[in-house]
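Data first, discussion second: the structure below is written as structure tokens.
The values are calculated or read from the model by the stated rules, or taken from the named source; none is laboratory data. Quick caveat, the model's predicted, so the values are computed rather than measured. Please note: Cβ atoms are built from the backbone with ideal geometry, for glycine as well, and neighbour counts cover all protein chains shown. The accessibility values were calculated without ligands, DNA or RNA, using every heavy atom of the protein model including side chains. Shrake-Rupley method; radii C 1.70, N 1.55, O 1.52, S 1.80 Å.
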Amino acid sequence: MSFAFGIGIGSQNQKSEWLEVFYQQPVLMPDDELIEVARNTLGYHSGNQAIEASADQLKAFAEALGSTSQTQQAALARKAAESRKPVAVTILETDDSATSTPEVYLKLHLLSHRLVKPHGVKLDGIFGLLPNLAWTNEGAIDLGELPERQLQARLEGRILEVKSVDKFPQMTDYVVPRGVRIADTARVRLGAYVGEGTTVMHEGFINFNAGTEGTSMIEGRVSAGVMIGKGSDLGGSSSTMGTLSGGGNIVISVGENCLLGANAGIGIPLGDRCTVEAGLYITSGTKVALLDDQNNLVEVVKARDLASKTDLLFRRNSQTGAVECKTNKTAVELNEQLHANN
Ligand SMILES: CC(C)(COP(=O)(O)OP(=O)(O)OC[C@H]1O[C@@H](n2cnc3c(N)ncnc32)[C@H](O)[C@@H]1OP(=O)(O)O)[C@@H](O)C(=O)NCCC(=O)NCCS
């Protein structure tokens, strides 16, 4: 059985290099019959391959698929045969490191379509395969070709709006997963896993290979690699430390029913039902005073020793400045109304 499959409509630059690919219906663990038809009609042999398919190949592919149970992919292939843009049929036999832009895009789609969870797909080396592009109101444009396109637009009385210059596009231009609200769509990158019931407010951000399991209010930043458990909220401008640059190698996550206060931050994974006081940043080496119910000091530990432990309340003592940790007695009650219309 193969790992993934996708029929994608893409963009290329003037040198016919892939810029980006949109897969409307990516498939995880595709049926063998789909791959077999790709072998017979598209010249696929084995391994991981992104095949740039001609209209004739796509018609033959669609026709052969018509006599299988793959009706949705057959219909998509039929439409793709009429595309004015280049079409990539990407087959990943295994989840090996990607070797082409269409392969990376298929993996990012698997995440945003919730077919795989963050850390569930191999993404090493993807930065080298994702071109830095101008994301415009006329689609992705190679940066070398941008000045000419801007001039052309002006000559025709239009303005080419460059919405971002980045290796990753915004997720919602590729997929809007069911049951989410995203106030500012530019703040969620393709490759984010946004669980059903998640609200991302304007200040919230979700990077690729990161996301939320389910109902969550995200007003802070979910860095690459970070996963937020069901019922947990990230307060305004709060921060979760990523592992991409100098963040160490502890993978940060947040358990269920946690609250990261406004402007708070974590460099350790939190277990379930934890609260971090607004404004407090806990790094893994932060010395933390453990207090008992009467606020007496029990011992001083490093925050990393409390990683993934449940029912903790972290605060910075406003009189002494010491970071303290107590049992979290106040259950985090999510604002039901706030989440009701997700
Ligand atoms: C840390 C936090 C959870 C504590 O809230 P709480 O559990 O309701 O605690 P209270 O404010 O009722 O305080 C309980 C006691 O601890 C004391 N206390 C609270 N924070 C303290 C601090 N940082 N240092 C010293 N004492 C503190 C209070 O004065 C109070 O003392 P008392 O028993 O003598 O009256 C809260 O301050 C907080 O930061 N919440 C985050 C909210 C947020 O940012 N939401 C996201 C919005 S976008």
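Its convex hull of Cα atoms gives the range 70-139 a direction-averaged projected area, equal to a quarter of the hull surface, of 6.2 nm².
As I understand it, the value is the acute angle between the Cα axis of helix 55-66 and the longest principal axis of the Cα atoms of the chain; what does it come to in degrees, rounded to 10? Tilt relative to the chain: about 70 degrees.
Compared with the dominant Cα axis of the chain, that is its longest principal axis, helix 101-112 is turned about 50°.
Along the axis of the charge dipole computed for the chain (Cβ charges of +1 for Lys and Arg, -1 for Asp and Glu, origin at the Cα centre), the listed residues Ile51, Ala77, Val222 are led at the positive end by Val222. From the Kirkwood radius over Cα pairs of the range 198-240, Stokes-Einstein at 20 °C and 1.002 mPa s returns a whole-number translational diffusion coefficient of 221 µm²/s. Rolling a 1.4 angstrom probe over the chain with all protein chains present gives an accessible area of which 47% lies on carbon and sulfur atoms.
Would you mind calculating the gained length between Glu63 and Ser83 on full extension (0.36 nm times residue separation, minus the Cα-Cα distance), in nm to one decimal? Length gained between Glu63 and Ser83: 5.6 nm.
Evaluated at 37 °C with a viscosity of 0.692 mPa s, what Stokes-Einstein diffusion coefficient in µm²/s does the chain have when Rh comes from the Kirkwood expression over alpha-carbon pairs?
Working: Rh = 22.0 Å.
It diffuses with D of about 149 µm²/s by this estimate.
Candidate cross-link partners of Lys302 among the lysines, defined by an alpha-carbon separation under 18 Å and a same-chain spacing of 8 or more, comprise Lys287, Lys326. Ordered from longest to shortest, the equivalent ellipsoid semi-axes for the range 121-243 are 30, 16, 12 Å, each the square root of 5 times a Cα gyration tensor eigenvalue.
With all distinct Cα pairs included, what does the Kirkwood hydrodynamic radius of the range 18-148 come out to in Å, to one decimal, could you say?
Result for the range 18-148 stands at 15.7 Å.
Within straight-line reach of Lys117, meaning a Cα separation under 24 Å, sit the following lysines at least 8 residues removed in sequence or on another chain: Lys107, Lys167, Lys230, Lys309. Taking a point 7 angstrom from the Cα of Val165 along the C-beta vector, which residues in the range 105-149 have backbone N less than 12 Å away? Output list for this probe position: 132-135, 143-147.
I want to make sure I understand the PRE zone here: with the label point 7 angstrom from the Cα of Asp173 toward its beta carbon, which residues in the range 96-137 have backbone N atoms less than 15 Å away? The answer is 105, 109, 130-137, whose backbone nitrogens lie closer than 15 Å to the label point. With a/c under 1.5 counting as rounded, go ahead and sort the range 122-172 into rounded, prolate or oblate using the C-alpha gyration tensor (a ≥ b ≥ c being the square roots of the eigenvalues; past the cut-off, prolate if a/b is larger than b/c, else oblate). Here the range 122-172 falls in the prolate category. Note on Lys15: aspartates and glutamates with a C-alpha under 14 Å away, same-chain residues under 8 apart excluded, are Asp142, Glu145. Against the main long axis of the alpha-carbon atoms of the chain, helix 32-42 sits at an angle near 40°.
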